[in-house]
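Trainee: Dropping the structure in here first, questions after.
The values are calculated or read from the model by the stated rules, or taken from the named source; none is laboratory data. Keep in mind that this is a model prediction, so the values were computed, not measured. Don't worry about glycine lacking a Cβ; one is built from the backbone with ideal geometry, like all the others, and counts go over all protein chains shown. Heads up: the accessible areas ignore ligands, DNA and RNA and are worked out on the full protein's heavy atoms, side chains in. Shrake-Rupley method; radii C 1.70, N 1.55, O 1.52, S 1.80 Å.
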Amino acid sequence: MIEKLQKLRERYNPIFFDLICGVITSLLFSAFLYLEHFGITIKFLNTIFGLLALAMFLYMPKRAVLTAGFFIGLLWFYWIGYSFKYNGVGYMEPVITVLFAVVYMLFFGVTAFTNSVAIRAVLLFGLSFVEPFDFNWLQIELLFVDSYLGVFKYQLALILLALTLPNYIKKPYKFAPLLLILLSINFNSPVQKDAPLKIKLIATDVKQDKKWEKESLRPTLELIYKEIRDAKEEGYDIVVFPESVFPFYMNKANIVTEHLKELSNDITIVAGTLLSEEGKHYNVTYMFSGGNFEIAKKMVLVPFGEYIPLPDFAKKYINEFFFAGASDFKTADKPTDFIIKGVKFRNAICYEATCEELYEGDVDFMIASSNNAWFYPSIEPTLQKLLMRYYARKKGVTIYHSANWKGTAIVR
């Protein structure tokens with residue numbers, strides 16, 4: 001196959017050929033994401049596109065690998081810079097977009113150090129364990145989350161082995177190793193249960209630039225109280241609101257807290273807000289039930305959003321210059337579980353629901369909340385949903401997700 005690609009490359013302009021190869025690979029690698037974004041889930045197509053994308057990485061020219069990595073970074077993460085405008089540095093949006101494209105060009109570029117298909121396969125498998133700057137939203141196995149193939153590491157290894165061996169076997173058995181792909185078919189998924197409670201997930205649509213304005217506070221509170229009353233009248237056991245649906249420090253709003261405690265005598269209320277303790281800020285979830293409340297502090301912060309994953313000498317400067325000091329949230333030491341009417345729910349706040357740490361231990365059900373308005377308009381809610389689905393299916397967890405803007409759904 002390498003020889004055939006080389007002949008085609010020599011026949012046409014090598015630079016143009018490498019560019020086209022890289023772009024096609026990035027499109028194959030991203031197809032499942034954009035199809036899902038437009039409401040199209042076709043397992044056969046996702047399976048074929050995923051296999052072709054990995055095969056291209058193994059066999060295409062080195063320069064094409066770099067091109068593919070650049071455009072994958074662009075197609076998957078063009079939206080990350082969107083949040084910077086809310087910190088007064090909107091001019092950084094294109095810089096961040098290009099930066100992430102370059103980061104993933106270098107990420108996949110590791111495989112361009114060699115033309116050996118076998119070594120590339122080993123390197124590609126190794127990259128599935130790497131998280132640049134603690135950011136884990138590019139999971140190679142995610143390509144197959146809605147396909148006929150599985151998303152476990154051993155299944156990825158089998159797929160890469162099946163795609164590699166034909167390069168080292170002569171005819172007539174050259175393509176026989178492709179049968180190994182059959183061993184990666186997802187026959188036995190972990191069981192995902194339904195919680196034995198009636199749960200109402202609230203979807204809000206508050207624009208990020210309006211969310212923290214004083215004029216928005218009263219309408220927001222009226223909306224929340226109305227949703228709680230409606231959920232109670234409809235016979236729900238739990239009502240779940242998005243991350244930071246209360247745009248203030250809840251422990252400094254006694255009137256609101258007391259009112260929610262009173263309402264919780266009839267229905268359990270789970271809602272996101274902020275907490276301030278001893279000068280430290282926390283992104284938290286409050287769970288009101290039976291006239292009392294519990295607090296779950298976020299454990300895993302968003303890199304470059306809630307903390308800076310760089311050495312201390314750079315961290316302070318970047319935090320003050322680019323985030324106006326906002327990226328200084330503190331964390332909990334471990335995940336928090338809420339016991340609601342005898343049922344245990346793991347709490348997750350936005351980015352946490354896409355992190356493996358939150359699924360450790362005995363977890364059947366998760367309540368997740370997000371504020372996706374930071375990244376309006378983009379594919380971010382779709383990628384988040386697919387990542388939650390990826391972990392939910394691997395771990396046998398059912399996720400009850402409430403989000404601002406997009407993403408509210410039961411994920412399984």
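Trainee: Just how much of residue 51 is accessible, in Å², when a 1.4 Å probe is used and the result is rounded to the nearest 10?
Mentor: 30
Trainee: Is region 88-225 best put as rounded, prolate or oblate by its Cα gyration tensor, with a ≥ b ≥ c the root eigenvalues, rounded for a/c under 1.5, and otherwise prolate when a/b is larger than b/c, oblate when not? Please list the in-between numbers first.
Mentor: On the way: a/c = 4.46, a/b = 1.69, b/c = 2.63.
Here region 88-225 falls in the oblate category.
Trainee: I would also like to ask the following. Once the other residues with Cβ under 11 Å from the Cβ of residue 379 are scored (Lys, Arg +1; Asp, Glu -1), what is the net sum? Intermediate values should be presented prior to the final figure.
Mentor: Details: positive: 385, 406; negative: 36, 380.
It works out to a net charge of 0.
Trainee: Still on this structure, I have one more. Within region 201-258, which trypsin sites (Lys or Arg not before Pro) sit in a loop by DSSP and count at most 16 neighbouring Cβ atoms inside 10 Å?
Mentor: Within region 201-258, the qualifying trypsin sites (Lys or Arg not before Pro) (loop, at most 16 other Cβ atoms within 10 Å) are 207.
Trainee: How much FRET efficiency would the formula 1/(1 + (r/R0)^6) give for residue 98 and residue 43, where r is the Cβ-Cβ distance and R0 is 30 Å, rounded to 0.05?
Mentor: Working: r = 34 Å, r/R0 = 1.14.
Step by step, r from the Cβ atoms, then E = 0.30.
Trainee: From the helices alone, meaning DSSP H stretches of at least four residues, give me the mean residue ellipticity at 222 nm for the chain, per-run term -39500 (n - 2.57), in deg cm²/dmol to the nearest 500. Write down the numbers at each step before the final one.
Mentor: Numbers: 12 runs with 169 residues, N = 412.
It lands at -13000 deg cm²/dmol.
Trainee: So, one more: With no solvent and one equal point scatterer placed on each C-alpha of the chain, evaluate the Debye formula and give log10 I(q)/I(0) for q = 0.06, 0.08, 0.10 Å⁻¹, two decimals.
Mentor: Results for the chain at q = 0.06, 0.08, 0.10 Å⁻¹ read -0.28, -0.49, -0.73.
Trainee: Another question about this same structure. Can you give the relative contact order of region 43-126 as a percent, counting alpha carbon pairs under 8 Å and 6+ residues apart? Let's see the in-between values first.
Mentor: Details: 88 pairs, mean separation 29.4, N = 84.
Across region 43-126, relative contact order equals 35 percent.
Trainee: Specify the angular offset, from 0 to 90 degrees and rounded to the nearest 10, of the alpha carbon long axis of helix 117-127 from the longest principal axis of the alpha carbons in the chain.
Mentor: With rounding to tens, the tilt is 10 degrees.
Trainee: Rounded to the nearest 5, what is the percent of antiparallel bridges among the DSSP beta bridges in the chain?
Mentor: Values: 23 of 43 bridges.
Of those bridges, close to 55 percent are antiparallel.
Trainee: Provide, as a two-decimal number, the C-alpha radius of gyration of region 163-285 over 2.2 N^0.38 Å, N being how many residues it has. Mind dumping the intermediate values first?
Mentor: On the way: Rg = 25.1 Å, N = 123, 2.2 N^0.38 = 13.7 Å.
The value comes to 1.83.
Trainee: Where in region 347-376 does the amide nitrogen come within less than 15 Å of the point 7 Å from the Cα of residue 334, taken along Cα to Cβ?
Mentor: Only 347, 357-363 fall inside the zone, counting backbone N under 15 Å.
Trainee: If I take R0 = 25 Å and measure r between the Cβ atoms of residue 276 and residue 203 in this structure, what FRET efficiency does the formula 1/(1 + (r/R0)^6) give, to the nearest 0.05? Don't jump to the answer; show the numbers that get you there.
Mentor: Details: r = 28 Å, r/R0 = 1.10.
Computed FRET efficiency for residue 276 and residue 203 comes out at 0.35.
Trainee: How far is helix 214-233 tilted, in degrees, relative to the longest principal axis of the Cα atoms in the chain, given as a value from 0 to 90 rounded to the nearest 10?
Mentor: 90
Trainee: Still on this structure: Under the Karplus relation 6.51 cos²θ - 1.76 cosθ + 1.60, θ = phi - 60°, what is the ordered set of whole-Hz ³J(HN,Hα) values for region 189-194, x standing for Gly and Pro?
Mentor: Values per residue, Gly and Pro as x: 8, x, 6, 10, 8, 9 Hz.
Trainee: Rolling a 1.4 angstrom probe over the protein heavy atoms, how many square angstrom per residue are accessible across region 1-153? Write out the running numbers ahead of the final one.
Mentor: Details: 6830 Å² over 153 residues.
Solvent-accessible surface per residue comes out at 45 Å².
Trainee: Can you compute the FRET efficiency between residue 232 and residue 122 using 1/(1 + (r/R0)^6), with r the Cβ-Cβ distance and R0 = 45 Å? Round to the nearest 0.05. Before the final figure, lay out the partial values.
Mentor: On the way: r = 57 Å, r/R0 = 1.26.
That gives a FRET efficiency of 0.20.
Trainee: Once you have a ≥ b ≥ c as the square roots of the Cα gyration tensor eigenvalues for region 1-126, tell me rounded if a/c is under 1.5, and otherwise prolate or oblate according to whether a/b is larger than b/c. Each step should come with its number before you reach the end.
Mentor: Values: a/c = 2.08, a/b = 1.50, b/c = 1.39.
Prolate, since a/c reaches 1.5 and a/b exceeds b/c.
Trainee: Follow-up question, since we're still on this one. Under 16 Å from a point placed 7 Å out from the Cα of residue 183 along the Cα-to-Cβ direction: which residues of region 151-172 have their backbone N that close?
Mentor: 151-166
Trainee: Another question, if that's okay. In region 335-407, which trypsin sites (Lys or Arg not before Pro) fall in coil by DSSP and have 15 or fewer other Cβ atoms within 10 Å? Walk me through the numbers on the way to the answer.
Mentor: Values: sites: 341, 344, 346, 385, 389, 393, 394, 395, 406; in loops: 341, 406.
Those that pass, being in a loop and sparsely packed, are 341.
Trainee: Still on this structure: Expressed as an acute angle from 0 to 90° and rounded to the nearest 10, what is the orientation of the C-alpha long axis of helix 62-77 relative to the principal long axis of the chain?
Mentor: Orientation of helix 62-77: about 20 degrees from the principal axis.
Trainee: Still on this structure, I have one more. Send over the Kirkwood Rh of region 208-263, from the inverse of the averaged 1/r over different Cα pairs, rounded to one decimal Å. Please list the in-between numbers first.
Mentor: Numbers: mean 1/r = 0.0811 Å⁻¹.
This gives a value of 12.3 Å.
Trainee: Compute the length gained on full extension between residue 169 and residue 217: take 0.36 nm times their separation in residues and subtract their Cα-Cα distance, giving the result in nm to one decimal. Let's see the in-between values first.
Mentor: On the way: separation 48, 0.36 × 48 = 17.28 nm, distance 6.74 nm.
That pair, residue 169 and residue 217, stretches by 10.5 nm at full extension.
Trainee: First select every other residue whose beta carbon is under 15 angstrom from the beta carbon of residue 142; then total the charges, Lys and Arg +1, Asp and Glu -1.
Mentor: Details: positive: 43, 153, 385, 389, 393, 394, 395; negative: 36, 131, 141, 146, 356, 380.
Result for the neighbourhood of residue 142: +1.
Trainee: Right, next: Given a 1.4 angstrom probe, I'd like the percentage of the accessible area of the chain that is carbon and sulfur, rounded to a whole number. Please report the intermediate quantities before stating the final value.
Mentor: On the way: 11690 of 19010 Å².
Of all accessible area on the chain, carbon and sulfur atoms account for 61 percent.
Trainee: With a ≥ b ≥ c taken as the square roots of the eigenvalues of the C-alpha gyration tensor of region 173-237, please select rounded if a/c is under 1.5 and otherwise prolate if a/b is larger than b/c or oblate if it is not?
Mentor: Numbers: a/c = 8.23, a/b = 2.22, b/c = 3.72.
Oblate shape, in that a/c is at least 1.5 and b/c is the bigger or equal ratio.
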